[in-house]
Amino acid sequence: MKIAGEFEIDAPRAEVWEKVRDPQVMVQCIPGCEGIEQIDATTYRSQVSVKVGPIKATFNLKVEVVSEEAPHTVLSRTSGEEGTRASVVSSENVLRLAETPEGGTLVSYEADVSMTGRLGKFGLGIFRKKADQLAGVFVENFRAKLGVSA
Amino acid sequence: MTELLFPTTVEEAVALLAAHEDARPIAGGATLVAMRNAGLVESTHLVSLDRIAGLAGIVRLEDGRIRIGAMTKHAETASCEMLSGSLEVLRKAAGMIANRVVRNMGTMGGSVANADPAADYLPALACCDAVLTIAGPGGTREVSILDYVEDWYETALGEGEIITAFTLPAPYAAASSYRKIARVSGDFATASCAMALEADGQGVRVAIGACGPGPIRDPEAEAALCGHLGDPEAVATFAKALADQADPVDDVRGSAEYRLQLIPRLISGVLNDISKETV
Ligand SMILES: Cc1cc2nc3c(=O)[nH]c(=O)nc-3n(C[C@H](O)[C@H](O)[C@H](O)COP(=O)(O)OP(=O)(O)OC[C@H]3O[C@@H](n4cnc5c(N)ncnc54)[C@H](O)[C@@H]3O)c2cc1C
């Protein structure tokens with residue numbers, strides 16, 4: 001399942017880059033994120049909970065930064081599982097920051113997600129909608145962190 | 001281990017749901033049991049609504065309105081003669097849910113609580129302007145079906161609340177139709193449409209199902225369509241107004257694009273059914 005989107009932030013790219021690469025900022029912006037721990041220079045561990053109707057899931061995720069080119073591109077890989085449950089999730093992610101003519105930043109993201117196990121059965125169609133909704137919440141949180149309005 | 005509890009009053013059921021953190025109601029179990037077996041939901045306590053007096057059955061109130069108890073089975077709704085005229089659309093929708101086994105098991109409350117975007121009752125109840133009665137720790141309240149679904153599988157139903165009944169306005173003379181497009185008979189809808197047209201042609205209600213988190217209705221567009229049902233251009237404008245509010249998923253039953261294409265087809269289809277009924 002491919003998830004993609006973009007949004008504009010009324011802040012210079014260097015500042016957005018710094019925030020995007022700061023786990024302490026991200027933990028406060030990612031909806032359902034309960035913690036991010038840096039393991040080494042390029043690896044992070046995180047717990048994220050999502051809820052779709054009556055279904056609640058908490059994932060233990062490993063995020064590896066595969067390559068980064070400051071201040072505009074991060075390629076990463078996420079993999080993880082749901083505690084002792086059978087669901088396994090993995091994704092390949094691309095994040096790009098572009099300067100806008102107005103001096104702001106256009107953030108665009110793409111993720112290719114695959115999911116197996118109990119949640120895979122539930123249908124990816126709904127998860128895509130949920131992902132879009134969570135992305136919206138993230139953007140709001142992120143804008144608030146940078147002190148800019150929509 | 002899950003404990004199954006059998007309260008005999010709504011108050012008792014609400015108290016049990018409040019007393020146990022991981023408790024949830026169980027009605028017919030058609031959906032909940034399958035979800036538990038698939039490991040999708042778990043709960044320490046299941047509060048069965050089965051032995052609560054007065055939750056099942058359909059009655060006509062003194063003022064002519066119809067009240068359907070939350071525990072009423074699809075099969076009973078599908079054969080209820082009181083659901084006539086403007087409310088017949090609900091009876092038709094009930095008869096198209098799944099198969100006989102599921103219709104004898106599943107309940108209206110369970111279906112609406114579950115809020116599967118493709119559930120047949122959602123557009124049919126929206127077409128009837130149904131009002132839900134919800135009981136919870138804070139007492140009883142009423143919510144219009146049009147305000148009930150808030151997002152994908154998210155509803156106005158709060159923690160520890162149960163749906164107790166659906167109240168429908170008194171039926172009036174009308175022609176109605178419910179159409180659902182499904183991959184195979186008995187499957188959930190890929191897209192569906194409920195319509196009721198007043199006998200004097202003065203009011204038309206249309207609701208689309210399975211093309212967004214909740215049913216789609218547009219009273220303003222309905223008013224504009226009224227009196228122009230025979231005008232293909234007016235019908236196309238109306239279909240476009242509803243399609244513009246749709247937000248369908250891409251899933252095994254069809255792509256989002258395909259679902260959007262089904263909306264005008266379904267609307268022409270129900271209009272065709274209704275014109276046959278009114279001759
Ligand atoms: C094979 C199959 C095919 C189906 N096909 C269709 C179809 O074509 N169209 C369609 O519309 N539906 C379809 N369904 C769903 C069917 O209509 C179910 O009966 C319905 O969704 C759930 O009703 P239930 O009474 O069995 O609820 P349950 O399974 O008991 O409960 C479902 C959920 O609702 C909650 N709940 C139940 N009652 C209440 C209440 N009164 N208040 C608050 N919460 C409550 C439960 O906690 C649970 O989360 C199908 C189901 C199956 C198994």
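Structure above, values below:
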read-out	value
Inter-part distance where the range B:1-32 and the range B:108-157 are each reduced to a Cα centre, Å	19
At 1.306 mPa s and 10 °C, Stokes diffusion of the range B:205-279 via Kirkwood alpha-carbon radius, µm² per second	124
B:C226 long-range amide H proximity, modeled H, under 5 Å	none
For B:E198, net neighbour charge (Lys/Arg +1, Asp/Glu -1) across residues whose Cβ lies under 15 Å away	-4
Calculated P(r) tail over 17 Å for the range A:79-150, as whole % of Cα pairs	59
Cβ-defined net charge surrounding A:E34, 14 Å radius [Lys, Arg +1; Asp, Glu -1]	+1
Solvent-accessible area per residue, Å², over the range B:176-278 with all protein chains present [probe radius 1.4 Å]	44
Cleavage-rule hits, trypsin sites (Lys or Arg not before Pro), the range A:1-79, DSSP coil, Cβ neighbours within 10 Å at most 15	A:R21
Surface accessible to a 1.4 Å probe, B:T9 within the full protein complex, Å²	60
Within-12-Å neighbourhood charge of B:P137 [Cβ basis; K, R +1; D, E -1]	-2
Part-to-part distance (alpha-carbon centres) for the range B:41-91 and the range B:198-260, which is given in Å	27
Reduced Cα scattering model of chain B, Debye log10 I(q)/I(0), q = 0.09, 0.11, 0.12, 0.15 Å⁻¹	-0.41, -0.61, -0.72, -1.10
Area hidden from solvent between B and A (accessible, protein heavy atoms only, 1.4 Å, total, Å²)	1400
With Cα atoms, 0 to 90° folded angle of helix B:10-19 axis to chain B main axis	70
Where A:E99, B:E88, A:E82 fall by accessible area, highest first, once all protein chains stay in place (1.4 Å)	A:E99, B:E88, A:E82
Probe 1.4 Å, accessible area per residue of the range A:2-146, Å²	51
Size of the protein assembly as shown as Cα extents on the principal axes (Å, biggest first)	72, 57, 38
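The values are calculated or read from the model by the stated rules, or taken from the named source; none is laboratory data. Note that the coordinates shown come from a computational prediction; the quantities given were computed from them, not determined experimentally. When we count neighbours, we look across all protein chains shown, and the Cβ atoms used for this are built from the backbone with ideal geometry, even at glycine. When the accessible area is computed, the model is the full protein with side chains, heavy atoms only, and any ligands, DNA or RNA have been set aside. Shrake-Rupley method; radii C 1.70, N 1.55, O 1.52, S 1.80 Å.
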